[in-house]
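Chemist: What follows is a structure written as C-alpha cells; I'll ask about it next.
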Amino acid sequence: QVQLVESGGGLVQPGGSLRLSCAASRSIFSINAMGWYRQAPGKQRELVATFTKTGSTNYADSVKGRFTISRGNAENTVLLQMNSLKPEDTALYYCNALLDLGKAYWGQGTQVTVSS
C-alpha cells in the first residue's frame, strides 16, 4: 500500500512553468512505476508521463519536449517539470503509483490552471 500527496499546482500564464511534486509514503524504488495523469473538466483522465523503477520514461505526445518526469532528491518523491505551458494543459493533475499485481494508487490531485 502507498499514500500519495501532490503539490505545486497553481495559476500560471501561457508560456510559463510549474513543477509538480508527488510525495509517496514509501521509497519509489519499491514501486514498479509512478506517473502523472490529468483530467480536464468534461474529459477523461489521461496519461501525462510515467517513470519506472528501472528508469525508463514515457510521455503523452501532447507534452513531449515540454514536460519532464524525474525522481526528486528525496527517494520518495517524483517531480513533473512543466514548461511552455498552454491553456489546454489546464487540468487536475494526479500522481499514480503502480505496485505488484497491477495494484494502482492515486493521490487527491493538484489543480493546474494556465490562463492570462
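The values are calculated or read from the model by the stated rules, or taken from the named source; none is laboratory data. Source: prediction; values computed, not measured. Don't worry about glycine lacking a Cβ; one is built from the backbone with ideal geometry, like all the others, and counts go over all protein chains shown. Accessible surface areas use protein heavy atoms only, side chains included; no ligands, DNA or RNA. Shrake-Rupley method; radii C 1.70, N 1.55, O 1.52, S 1.80 Å.
Chemist: Running a GNM on the chain with Cα contacts under 10 Å, which residue among 72, 16, 42 ends up with the highest mean-square fluctuation?
Modeler: Checking each option, the largest mean-square fluctuation is seen for 42.
Chemist: Shifting gears a bit: In Å, what is the Rg of the alpha-carbon atoms in the range 1-56, and how long is Dmax?
Modeler: Answer for the range 1-56, Rg first and Dmax second: 13.3, 37 Å.
Chemist: Give the relative contact order (percent, whole number) for the chain; include only Cα pairs under 8 Å separated by 6+ residues. Mind dumping the intermediate values first?
Modeler: On the way: 288 pairs, mean separation 43.5, N = 116.
RCO, the chain: 37 percent.
Chemist: Something else: Which whole-Hz couplings ³J(HN,Hα) result when phi for each residue of the range 38-55 is put into the Karplus expression 6.51 cos²θ - 1.76 cosθ + 1.60, θ = phi - 60°, listed in order with x for Gly and Pro?
Modeler: 9, 9, 8, x, x, 10, 7, 5, 10, 6, 10, 7, 10, 9, 8, 6, 8, x
Chemist: Could you look at the chain and say what percent of its accessible area is carbon and sulfur, using a 1.4 Å probe and all protein chains?
Modeler: Working: 2890 of 6160 Å².
In the chain, the share of accessible area belonging to carbon and sulfur is 47 percent.
Chemist: Then there is this: With θ set to phi - 60° and the Karplus curve 6.51 cos²θ - 1.76 cosθ + 1.60, what are the ³J(HN,Hα) couplings of the range 71-77 in order, to the nearest whole Hz, using x for Gly and Pro?
Modeler: Each residue of the range 71-77 in turn: 6, x, 5, 7, 6, 10, 10 Hz.
Chemist: Another question, if that's okay. Along Cα→Cβ, 7 Å out, is where each label goes; now give me the distance between the ones at residue 19 and residue 86 in nm to one decimal.
Modeler: 2.5 nm
Chemist: Here is a follow-up. Which cross-chain or sequence-distant (5 or more) residues have an amide H under 5 Å from the amide H of residue 10, H modelled 1.01 Å from N in plane?
Modeler: 112, 113
Chemist: Determine Rg/Rh for the chain; Rg is computed over alpha-carbon atoms and Rh is the Kirkwood hydrodynamic estimate from the same atoms.
Modeler: Details: Rg = 13.3 Å, Rh = 14.0 Å.
On the Cα set of the chain, Rg over Rh gives 0.95.
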